[in-house]
Amino acid sequence: MKFIADLHIHSHFSIATSRLLTIPYLDLWGRKKGIQVVGTGDAAHPGWLAEIRSQVRSEGNGLFRAKKNVVLPEAGAFAPEPVSFMLTAEISCIYRYGGTVRKVHNIVMAPSFEAFERLQKKLGAIGNITSDGRPILGLDSRDLLEMVLEADQAACLIPAHIWTPWFSVLGSKSGFDSITACYRDLTDYIFALETGLSSDPPMNRRCSFLDRYTLISNSDAHSPEKLGREANLFDTECSYQAIMDALKNPAVGFLGTIEYFPEEGKYHLDGHRACDICWEPEETVRHHRMCSVCGKPVTVGVLNRVNELADRPSLKKNTGNPTFISQTGLKSIIAEWLGIREQSKKVTTHYEALLQRFGSEFAVLMDIPVEDLSSYDGRLAEGIGRMRNGNVVLNGGYDGVFGKVRVFSE
C-alpha cells in the first residue's frame, strides 16, 4: 500500500514547542494532512514515553494507534482511519572529538516501549533526560549508535538534518566532513540520512560519498500544524519492519520524499541575521566569511557547505534515485491568493473548507486535478498548479530566517 510517513517530530515535553503536541492532536493533524505514519518524537523522555503508553494500543507490527477514548471528536470529519505511530526520538550529542567540539543531532527509532526503556536507562546514567524532550548529552554519536543497537536489534539511528550549520553531522559549525568520520567502525549500521529543510536530494547527490544512503525528509515539527512540511513516500506494508526494510533497500518500497523548496529553509544561504545580511556562497567568499556590517563571521549555510564537500556539479534532476516532490504549505498558498496574513482566520476557514471537500492537505497539494480544484476557485487552483510545476518565486532563508516561496509573480 502507498502511504506517507513523517518520522521526526517533537512533543510538548520539548522546549519551545506547542502544548498541543499530544497523541490526540497528532492523530487529528495526521488525518488533516493525509499522513498515515507519524513518529512520536521525544520517546527518550520518560514522561512522554509514559504518556504515549497510556494513550495508544499496539498494532502488533511495531506501530501503534491512538486508543478510541483519547481521539478528539472533531477528528471524525477527516480520514476515517487514525494514524499509526512509530516510537522515535531525537538526541543531541555535544562532545569533543578530533580536537573540536561536535554538536550532532540523531534520530532514534525502535519498535517497542521496552527498547526505549532500555535506552533510557543507559542515557540516564550519562546525563539528564527529563529536562527537555530532546535530551542534550555529552555523548559521542558513535557511542549513542552502539547503545541503540544494544537496546534492540531492530532499532536504528538516522543522522538528523545533516547539513544544518549548528547541530548536524555535516554542519559548517561543528560537524564532520564525512559520515564515516563521525560513526567510525559502526558506520555500516547507518543506512539513511535526513536531508533537512534547507537541502533537497539533487543537492545531496552532488556528494558521491552519500550515494550509499537513502535520503529521507521529515517535518521536525514543533506544533501539530507543521506535520508533513517534509515527509516520506512508501509503497509497502505499513509496519515498522517493512519501513526499515524499504529504507535499507529503496527498491522494496521507498518511493522518495516530499520536500520544502530548499530556499524556504532557514539555513539555505549564508548570512548574519542581526545585520540583515544574506549572501550567496560566492559573496561570502569575497567577504572572507566576515559580515560587512559588524565584522563578525557569518553563518555559513547549507548550499555553501554542500559546495565545499561536493565532487559533482549541480544536478537538475535526481536521475537514478527515488523521486522527490517540492512544495510549500497549503495555508501559505491560500494566504497569497487572498493577499492576507497566513495566521488570519479567513485563511483557516478556506483551509478547512478545502479539506472537507477534497479530503486532506496532501490530496489538495498533490493529487486532486487542477480542473477539480478550479470548482473551488480558479486562481487558487492556478497557484497550486504553478507550485506543482515548480513555477515559483524563491527568496532564500539564512541564519535562522525562513525563506519565502511565492506562487504568483509581482
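The values are calculated or read from the model by the stated rules, or taken from the named source; none is laboratory data. Predicted model only: the values in this text are computed from it and were never measured. Note: ideal-geometry Cβ built from the backbone for every residue, glycine included; neighbour counts use all protein chains shown.
Please work out which one of (1) touching a Pro at 6+ places or on another chain (Cβ under 9 Å); (2) touching a residue at least 24 places away in the same chain (Cβ under 8 Å); (3) surrounded by fewer than 20 Cβ atoms within 10 Å (Cβ to Cβ); (4) not assigned by TED's automatic domain parsing to the domain that holds residue 30 is the condition residue 270 fails and give its number.
(3)
Determine which member of the set 171, 138, 133 is in contact with a strand residue (DSSP E or B) (Cβ under 6 Å, 6 or more places away or on another chain), assigned by TED's automatic domain parsing to the domain that holds residue 92 and more than 21 Å from residue 246 (Cβ to Cβ).
138
State the number of residues belonging to region 9-30 that are crowded, with 24+ Cβ neighbours inside 10 Å and either closer than 22 Å to residue 367 by Cα or not hydrophobic (A, V, I, L, M, F, W, C) (or both).
Total meeting the criteria: 6.
Which ones in region 104-145 are aliphatic (A, V, I, L, M) and outside any strand (DSSP E or B)?
Within region 104-145, 115, 119, 123, 125, 126, 129, 139, 144, 145 qualify.
When you look at residue 169, is it of a type in the set (Val, Ile, Thr), within 22 Å of residue 302 (Cβ to Cβ), in a loop (DSSP other than H, G, I, E, B) and touching a helix residue (DSSP H, G or I) at 6+ places or on another chain (Cβ under 7 Å), yes or no?
Yes: the conditions hold for residue 169.
Residue-by-condition table, conditions (1) at pLDDT 95 or above; (2) surrounded by fewer than 20 Cβ atoms within 10 Å (Cβ to Cβ); (3) in contact with an Asp or Glu (Cβ under 6 Å, 6 or more places away or on another chain); (4) in a loop (DSSP other than H, G, I, E, B):
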site: 316; (1), (2), (3), (4): no, yes, no, yes
site: 333; (1), (2), (3), (4): yes, no, no, no
site: 343; (1), (2), (3), (4): yes, yes, no, yes
site: 347; (1), (2), (3), (4): yes, no, no, no
site: 352; (1), (2), (3), (4): no, yes, no, no
site: 365; (1), (2), (3), (4): yes, no, no, no
site: 372; (1), (2), (3), (4): yes, yes, no, no
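Restricting to region 337-361, count the residues that are closer than 16 Å to residue 403 by Cα and touching a Lys or Arg at 6+ places or on another chain (Cβ under 6 Å).
Adding up the residues that qualify gives 1.
Of the conditions (1) crowded, with 17+ Cβ neighbours inside 10 Å; (2) touching a Gly at 6+ places or on another chain (Cβ under 9 Å); (3) over 29 Å from residue 392 (Cα atoms), residue 238 fails just one. Which one is it?
(2)
Condition first: in contact with a strand residue (DSSP E or B) (Cβ under 9 Å, 6 or more places away or on another chain), basic (Lys, Arg) and closer than 22 Å to residue 326 by Cα. Can you find one or more residues in region 267-275 that meet it?
No - not one qualifying residue is present in region 267-275.
Limited to region 223-254, what total is found for residues that are more than 28 Å from residue 332 (Cβ to Cβ) and aromatic (Phe, Trp, Tyr)?
1
Can you tell me how many residues in region 41-61 are in a helix (DSSP H, G or I) and among the aliphatic types (A, V, I, L, M)?
3
Tell me, which residue of region 286-308 that is surrounded by fewer than 16 Cβ atoms within 10 Å (Cβ to Cβ) and among the aliphatic types (A, V, I, L, M) is nearest to residue 195 (Cα to Cα)?
Here the answer is 290.
Any residue in region 40-62 that is on the phi > 0 side of the Ramachandran plot sitting within a Cβ distance under 7 Å of a residue that is part of a helix (DSSP H, G or I)? List the pairs, counting only those 6 or more apart or interchain.
42/48; 62/240; 62/241
Going through region 281-316 one residue at a time, which ones are touching a strand residue (DSSP E or B) at 6+ places or on another chain (Cβ under 8 Å) and free of Cβ contacts under 8 Å to residues at least 60 places away in the same chain?
Listed by number, the residues that qualify are 281, 283, 284, 287, 289, 290, 291, 292, 293, 294, 296, 297.
Taking region 239-287, which residues are in a loop (DSSP other than H, G, I, E, B), within 30 Å of residue 1 (Cα to Cα) and out of contact with any Phe, Trp or Tyr (no Cβ under 6 Å at 6 or more places or on another chain)?
239, 249, 260, 261
What number goes with the only condition from (1) buried (at least 20 other Cβ atoms within 10 Å of the Cβ); (2) small (Gly, Ala, Ser); (3) in a loop (DSSP other than H, G, I, E, B) that residue 381 does not pass?
Failing condition for residue 381: (3).
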